[in-house]
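Colleague: Just passing along the structure, written as structure tokens.
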Amino acid sequence: MSEKRTTDFGYEQVAVEEKASRVANVFHSVAARYDLMNDLMSGGVHRLWKRFTIELAAVRPGQTILDIAGGTGDLSYAFAKKVGPDGLVVLADINESMLNVGRDRLTDRGIAGNLQYAQADAQYLPFPDNTFDCITIAFGLRNVTDKDLALRSMLRVLKPGGRLLVLEFSKPQNPLLEKAYDTYSFKLLPFMGKVVANDADSYRYLAESIRMHPDQETLKGMMDAAGFVNTEYHNMTGGVVALHKGIKP
Ligand SMILES: C[S@@+](CC[C@H](N)C(=O)[O-])C[C@H]1O[C@@H](n2cnc3c(N)ncnc32)[C@H](O)[C@@H]1O
């Protein structure tokens, strides 16, 4: 009898084929309140983490950028302004609800012409080899079933010399901070999720998925193994979040 392959969905073990639909349910459920919750949960600090990501991306006019797992489009918005009329930003996400919120929001902010939307899975990017100057994935990689496959897919569609930036929750470097962060994540987050979005389960998944995500050094090793070079990372907020960068040789 063959054994079923399993993977993590937060702290739960689920069949590999089941994870994507479980993750999809989370993001269908949180899409409408996603931006509000982001600001509430991080006290607005996610804006600073994203600002640093935008700086390190060093996007220039005329470039072609992929913001995968782009969700409601914070990074895409900034990149669309930077690439200008001769460049292109593709906001891609696997989830239709998140993509719809993102599209409405960026259209309302007057971004059009140099921004395209694609419903796509980070593991199987539907773009030709060597297409993008820069790829970002912000708070998305931990939700992907096969992260190594996704990293290889991103490498394939980057141009040689192009850069990947992975912004993701990581491991706090100080034990005291880690303890406070644990209390916050497992007590306060689901409570806020319940009160504001009537959805404690999704926010419990959020906390658990953060703990299951590879730490700084492990993710760096995965990027090296996928074929990226000059990989490095920067801790932010004491390692609560890390920004990894790698280059396609
Ligand atoms: C926490 S949100 C991040 C959104 C946005 N990047 C931000 O930083 O605000 C995670 C996003 O990852 C998307 N996602 C999950 N699995 C994915 C996959 N396999 N491929 C592409 N996007 C995925 C979800 O639909 C969701 O929109």
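The values are calculated or read from the model by the stated rules, or taken from the named source; none is laboratory data. All figures in this text were calculated on a predicted structure; none of them were measured in a lab. Cβ placement follows ideal geometry from the backbone for every residue including glycine, while neighbour counts extend to all protein chains displayed.
Colleague: Residue under question is residue 67, and the condition is that it be among the charged types (D, E, K, R) and surrounded by 22 or more Cβ atoms within 10 Å (Cβ to Cβ); does it hold?
Modeller: Working: among the charged types (D, E, K, R): yes; surrounded by 22 or more Cβ atoms within 10 Å (Cβ to Cβ): yes.
The answer is yes for residue 67.
Colleague: In segment 198-220, how many are assigned to a helix (DSSP H, G or I), surrounded by 15 or more Cβ atoms within 10 Å (Cβ to Cβ) and at pLDDT 95 or above?
Modeller: 3
Colleague: Looking at this structure, is residue 139 within 11 Å of the ligand (Cβ to nearest atom), at pLDDT 95 or above, out of contact with any Cys (no Cβ under 9 Å at 6 or more places or on another chain) and within 27 Å of residue 7 (Cβ to Cβ)? First the steps, then the outcome.
Modeller: Working: within 11 Å of the ligand (Cβ to nearest atom): yes; at pLDDT 95 or above: yes; out of contact with any Cys (no Cβ under 9 Å at 6 or more places or on another chain): yes; within 27 Å of residue 7 (Cβ to Cβ): yes.
Yes.
Colleague: Quick check on this structure: which one of 64, 72 is more than 24 Å from residue 198 (Cα to Cα) and of a type outside the set (Phe, Trp, Tyr)?
Modeller: Answer to the selection: 64.
Colleague: To continue, here is another question. If you go through segment 33-47 one residue at a time, how many are in a helix (DSSP H, G or I) and exposed (fewer than 14 other Cβ atoms within 10 Å of the Cβ)? Steps first, please.
Modeller: Within segment 33-47, the first condition is being in a helix (DSSP H, G or I), and the residues that meet it are 33-42, 46-47.
From the residues that got through so far, the ones that are exposed (fewer than 14 other Cβ atoms within 10 Å of the Cβ) too are 36, 39, 47.
The total comes to 3.
Colleague: Select from segment 124-136 the residues that are near the ligand (Cβ under 10 Å from one of its atoms) and under 13 Å from the mean Cα position of the chain (by Cα) and list them in ascending order.
Modeller: 136
Colleague: Give the residue that is nearest to residue 94 (Cα to Cα), with candidates limited to residues of segment 1-21 that are within 14 Å of the ligand (Cβ to nearest atom) and touching a residue at least 60 places away in the same chain (Cβ under 8 Å).
Modeller: Here the residue is 20.
Colleague: Return yes when residue 20 is touching a Leu at 6+ places or on another chain (Cβ under 7 Å), surrounded by 14 or more Cβ atoms within 10 Å (Cβ to Cβ) and either more than 15 Å from residue 140 (Cα to Cα) or not charged (D, E, K, R) (or both) and no when it is not.
Modeller: no
Colleague: Look at segment 67-88 and say how many of its residues are more than 11 Å from the ligand (Cβ to nearest atom), within 16 Å of the chain's Cα centre (by Cα) and within 15 Å of residue 116 (Cβ to Cβ).
Modeller: 1
Colleague: For segment 90-121, what are the residues that are among the small types (Gly, Ala, Ser), closer than 21 Å to residue 59 by Cα and within 12 Å of the ligand (Cβ to nearest atom)?
Modeller: Within segment 90-121, 92, 102, 118 meet the criteria.
Colleague: Then there is this: So is residue 50 among the basic types (Lys, Arg), near the ligand (Cβ under 8 Å from one of its atoms) and not in a loop (DSSP other than H, G, I, E, B) or not?
Modeller: Yes: the conditions hold for residue 50.
Colleague: Let me ask you something else. Which of the residues that make up segment 183-231 are over 16 Å from residue 10 (Cβ atoms), of a type in the set (Gly, Ala, Ser) and free of Cβ contacts under 8 Å to residues at least 12 places away in the same chain?
Modeller: The answer is 221, and nothing else.
Colleague: Among the residues that make up segment 221-228, is at least one of them of a type in the set (D, E, K, R), touching a Ser or Thr at 6+ places or on another chain (Cβ under 9 Å) and either in a helix (DSSP H, G or I) or exposed (fewer than 15 other Cβ atoms within 10 Å of the Cβ) (or both)?
Modeller: Of segment 221-228, the ones of a type in the set (D, E, K, R) are 224.
Among the residues that remain, those that are also touching a Ser or Thr at 6+ places or on another chain (Cβ under 9 Å) are: 224.
Remaining after also requiring either in a helix (DSSP H, G or I) or exposed (fewer than 15 other Cβ atoms within 10 Å of the Cβ) (or both): 224.
Yes - at least one qualifying residue is present in segment 221-228.
Colleague: Just to be sure I understand the filter: pairs with C-beta atoms under 8 Å, separated by 6 or more residues or on different chains, first member in segment 123-149 and over 18 Å from residue 22 (Cα atoms) and free of Cβ contacts under 8 Å to residues at least 12 places away in the same chain, second member part of a strand (DSSP E or B) and more than 9 Å from the ligand (Cβ to nearest atom). Which pairs pass?
Modeller: Pairs that qualify, where the first residue is over 18 Å from residue 22 (Cα atoms) and free of Cβ contacts under 8 Å to residues at least 12 places away in the same chain and the partner is part of a strand (DSSP E or B) and more than 9 Å from the ligand (Cβ to nearest atom), are 126/118.
Colleague: Criterion first (part of a helix (DSSP H, G or I) and in contact with a helix residue (DSSP H, G or I) (Cβ under 6 Å, 6 or more places away or on another chain)) does residue 185 satisfy it?
Modeller: yes
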